[in-house]
Amino acid sequence: MRRLLLLTGLLAGILAIGTLWYAYVEDYGFVDGLYQAVTTLTTVGFREVHEFGTRAKLFTVFYSLAGVGFLFYTATSVVETVVVGELAEELGLRRSSRKVRRMEQHFIICGYGRVGREVAHELTARGETFVIIDRNEHTLATAEHPLAVVVRGDATEEETQNDAGVSRARALIAAADSDVENTYIVLTARALNPRLFIVARAGSEPAERRLSSAGADRVVSPYRIGGRRMALSAVQPMLMDFIDTLAARGSNTAGSNVLAEIVVEDEAAGLAGRTLQDVFPPNAGLQVMGLERASQPLQVGPRGDTLIERGDRLMVYGESSAMAHLSSTASQGVRSVVHPN
């Protein structure tokens with residue numbers, strides 16, 4: 001746009017020079033001078049307003065060589081910007097649409113502000129595929145993630161969420177700056193995919209309650225978490241180091257430890273009905289850090305005689321080789337989300 005404005009200004013300057021020359025140097029008058037300058041620049045081939053003398057002929061030669069070429073260059077630039085730019089954008093949107101149609105069990109980030117950027121960086125580091133929704137074209141232009149696809153539009157609308165593959169997504173993260181917008185995002189996503197796991201950002205306690213009522217599975221307050229983390233860092237710094245170690249990103253190489261969330265989705269997995277100490281004996285190299293069951297609070301360090309039930313979520317920490325062995329022996333009906341440490 002800046003280039004077009006510059007070219008338009010220069011073209012107007014060239015037209016003004018021709019008009020002033022013909023009007024005052026050649027004494028044609030302003031209207032006839034403007035007419036002669038325009039017909040010369042546009043090469044329409046009309047007759048000269050007055051008989052050209054030597055001075056007028058020489059000026060017209062140089063004026064035509066400079067002005068006509070510049071006029072066509074400006075016209076070409078306008079066509080390139082308007083037509084080719086829109087075509088490139090359309091092709092880009094179509095490529096993104098094809099990529100989204102091939103995606104399954106991906107994440108959707110609604111809003112690419114400060115929070116959305118951090119979420120995208122974290123998902124990229126963990127090797128997850130995701131879709132970013134934002135209505136701001138310039139904001140999306142900064143989203144350079146190899147595993148991401150961008151969708152421009154209003155995340156509160158059904159059409160936009162469908163374009164992002166909400167029916168096939170694993171989870172949706174409502175990270176917009178507005179609590180009201182996040183509430184509508186959650187309501188729309190829950191209506192389109194009742195089984196979708198939804199995480200929403202909240203800026204206040206009333207917003208947390210509204211988002212939970214709207215259907216969010218988890219509501220996160222950046223201010224609450226930030227304040228709590230700062231307090232714990234001051235009071236119990238070792239505790240924060242321990243938590244950071246568990247959640248740290250790293251390579252998933254042999255011999256390294258991983259933190260995995262195991263979801264028991266089917267009795268056929270071979271886990272349901274067995275105790276934790278049966279599935280995770282002390283010498284297995286795996287340790288159950290927590291267990292979450294529907295309508296029950298999270299159990300930290302559950303007892304070994306606890307029976308595993310369908311729908312349980314287990315947070316397991318241990319060697320990557322042992323985790324791979326567990327996944328291979330009980331893969332059907334188990335969904336594992338592995339976080340390298």
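Structural remarks
- Rounded tilt (10° steps) of 222-235 against the dominant C-alpha axis of the chain: 50 degrees
- Angle of helix 237-247 to the longest C-alpha principal axis of the chain, folded into 0 to 90 degrees and rounded to 10: 80°.
- With at most 11 other Cβ atoms within 10 Å, longest stretch of the chain clear of loop GluC sites (Glu not before Pro) (DSSP): 145-341
- At R0 = 30 Å, FRET efficiency that the Cβ-Cβ distance of Leu5 and Lys57 yields, to 0.05: 0.35
- Likely footprinting exposure, His50, His145, fewest C-beta neighbours within 10 Å first: His50, His145
- Label-to-label distance for His138 and Ile243 is 3.7 nm, based on points extended 7 Å past Cα in the beta-carbon direction.
- FRET efficiency estimate (nearest 0.05) - Cβ-Cβ, Phe70 to Tyr24, R0 22 angstrom: 0.50
- Distance in nm between pseudo-label sites at Arg313 and Asn283 (7 Å out along the Cβ direction from Cα): 3.4 nm
- A cut-off under 12 angstrom between Cβ atoms defines the neighbours of Leu187, and their net charge, with Lys, Arg +1 and Asp, Glu -1, is -1.
- Radius 11 Å from Cβ of His50, net charge of other residues (Lys, Arg +1; Asp, Glu -1): -4
- For Val220, nonlocal amide neighbours, meaning residues 5 or more places apart or on other chains whose placed amide H falls under 5 Å from its own, are Ala200, Arg201, Ala202.
- Each residue, Ala12 and Val300, gets one label point 7 Å from its Cα in the Cβ direction; the gap between the two is 6.8 nm.
- Counting DSSP beta bridges with both ends in the chain, the antiparallel % (nearest 5): 55 percent
- Ranked by how many other Cβ atoms sit within 10 Å of their own Cβ, fewest first, the residues Phe107, Phe30 fall in the order Phe30, Phe107.
- Answer label, with Cα extents along the principal axes in Å calculated from the coordinates and candidates (i) 97, 56, 44; (ii) 65, 44, 42; (iii) 109, 41, 40: (iii)
- Degrees, to the nearest 10: 320-329 long Cα axis against longest axis of the chain: 80 degrees
- Rounded FRET efficiency, nearest 0.05, which uses the C-beta distance separating Ser204 from Asn162 and R0 of 22 Å: 0.15
- When the trypsin sites (Lys or Arg not before Pro) in region 160-234 are filtered for DSSP coil states and for at most 10 other beta-carbon atoms within 10 Å of their beta-carbon, the remaining sites are Arg195.
Every number here is computed from the coordinates shown, using simple stated rules; none is lab data. Every value quoted in this text rests on a predicted model; they were computed, and no experiment measured them. Glycine also receives a Cβ, built like all others from the backbone with ideal geometry; neighbour counts cover every protein chain displayed.
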